[in-house]
Each structure stands twice: as structure tokens, then as C-alpha cells.
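Notes to accompany the following structure.
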């Protein structure tokens with residue numbers, strides 16, 4: 001089976017799993033909560049930004065977790081993100097089909113359809129990349145034990161320094177993305 005066939009099969013499986021997890025009946029509406037304090041809302045949204053939230057401790061994870069656990073966590077996160085992209089991509093396709101009918105009836109502008117199609121294509125491209133990354137992670141063999149169990153004791157200090165540099169680079173990229181994203185929005 002081709003790589004694309006595996007990706008399609010994996011995407012279909014994830015979508016079936018997601019729909020199987022859907023409740024069979026509608027749940028009652030959640031109780032209405034009092035309006036949140038604007039300061040709390042700002043703090044909650046700021047906690048998602050890499051410059052303000054506590055940094056992910058890559059060093060701690062690499063030192064304390066088994067490689068198989070790290071692989072499983074990466075696979076779980078990629079599968080969840082891929083499934084989320086698949087859901088949004090499917091919704092975009094339904095919007096395109098609906099808008100196409102409106103354009104044919106003269107109720108909507110063709111430029112709106114072109115813009116929505118571009119948005120759909122971007123979501124679809126991201127989804128393909130996510131499933132490619134997931135297939136890569138799922139297919140890679142990992143030895144038993146933690147990363148530092150695989151390293152000769154004479155190289156341990158150099159490996160710790162390298163891990164610190166990798167963690168710092170990850171945080172730098174997150175911050176750069178945050179600030180570049182803020183400039184585009186503003």
C-alpha cells in the first residue's frame with residue numbers, strides 16, 4: 001500500500017474512532033456560569049502563550065521518561081491534532097460545497113468561493129503533514145530505557161549540554177513564533 005493509502009486509511013480510522021466516541025444522545029445544556037472576570041480571561045489566554053506560560057521542560061521529560069513513553073506521547077498528540085485538522089477540513093469542504101451552490105444561484109460572489117477554497121487547501125495540506133509526521137513517529141523504533149541509558153558515561157556531560165541547548169532553541173522558536181504572530185495580527 002502506498003504512503004498516501006496508509007495516510008488515508010489512518011485518517012479514516014481516526015475519524016471513525018472520533019465518531020464512536022460521540023455520545024449517542026444529546027446531553028443537557030451545561031449550567032450557565034456567571035460572566036468571567038476579564039482579568040481572569042486575559043490570564044487564561046496569556047497562559048497559552050509560550051512567553052508567559054511556564055516552559056515545557058524538555059530536559060525533565062528526556063531525563064525522566066522512557067523513550068517508548070515519549071514516542072507514545074508524541075503519537076497521541078499528533079493523532080489528536082491530526083484528527084482535529086481532519087474535522088475542520090471536512091467542515092471546510094462542506095462549506096465550499098454549500099457556497100458553490102450559492103455562487104451558482106448568484107447569491108454569493110465567486111471571490112468568496114476562491115477564498116474559502118484556499119483556506120480549505122491550507123487545512124488539508126497541514127492535515128497531510130500531520131499524518132506524515134504521525135506515520136514517521138509510529139514507524140520509528142526506540143530502544144528500551146531512557147535516552148541517557150543509551151549514552152556512554154564519558155559522553156554524559158556533553159549530552160546534557162546538548163539537551164540544554166536543544167531545550168533553549170525550542171523555547172526561542174516558540175517565542176519567535178509568538179512575537180511574529182503578534183505582529184501579523186496587529
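Considering 156, 135, which residue is surrounded by 15 or more Cβ atoms within 10 Å (Cβ to Cβ), at pLDDT 90 or above and part of a helix (DSSP H, G or I)? Please lay out each step first, then the result.
Values: 156 fails: surrounded by 15 or more Cβ atoms within 10 Å (Cβ to Cβ).
Testing whether each residue is surrounded by 15 or more Cβ atoms within 10 Å (Cβ to Cβ), at pLDDT 90 or above and part of a helix (DSSP H, G or I) leaves just 135.
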Query raised in the report: Just to be sure, is residue 138 under 30 Å from residue 12 (Cβ atoms), out of contact with any strand residue (DSSP E or B) (no Cβ under 7 Å at 6 or more places or on another chain) and in contact (Cβ under 8 Å) with a residue 60 or more places away in the chain?
Result: yes
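Which one is farthest from residue 78 (Cα to Cα), of the residues in segment 138-153 that are over 24 Å from the mean Cα position of the chain (by Cα) and surrounded by 11 or more Cβ atoms within 10 Å (Cβ to Cβ)? If you could, list the steps in order and put the result at the bottom.
Let us first name the residues in segment 138-153 that are over 24 Å from the mean Cα position of the chain (by Cα), namely 143-153.
Adding the requirement that they be surrounded by 11 or more Cβ atoms within 10 Å (Cβ to Cβ) leaves 143, 145-148, 150-151.
Values: 143: 21, 145: 22, 146: 21, 147: 21, 148: 25, 150: 25, 151: 27 Å.
Among them, the one singled out is 151.
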Report task. Evaluate the following for residue 104: is it free of Cβ contacts under 8 Å to residues at least 12 places away in the same chain and either assigned to a helix (DSSP H, G or I) or more than 29 Å from residue 10 (Cβ to Cβ) (or both)? Result -> yes
**Report entry** Test result for residue 121, in contact (Cβ under 8 Å) with a residue 60 or more places away in the chain and in the same structural domain as residue 65 (by TED's automatic domain parsing)
**Finding:** no
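The values are calculated or read from the model by the stated rules, or taken from the named source; none is laboratory data. What you see is a predicted model, and the numbers here were worked out from it, not measured in a lab. For neighbour counting, all protein chains shown are included, and Cβ atoms are generated from backbone atoms with ideal geometry for every residue, glycine included.
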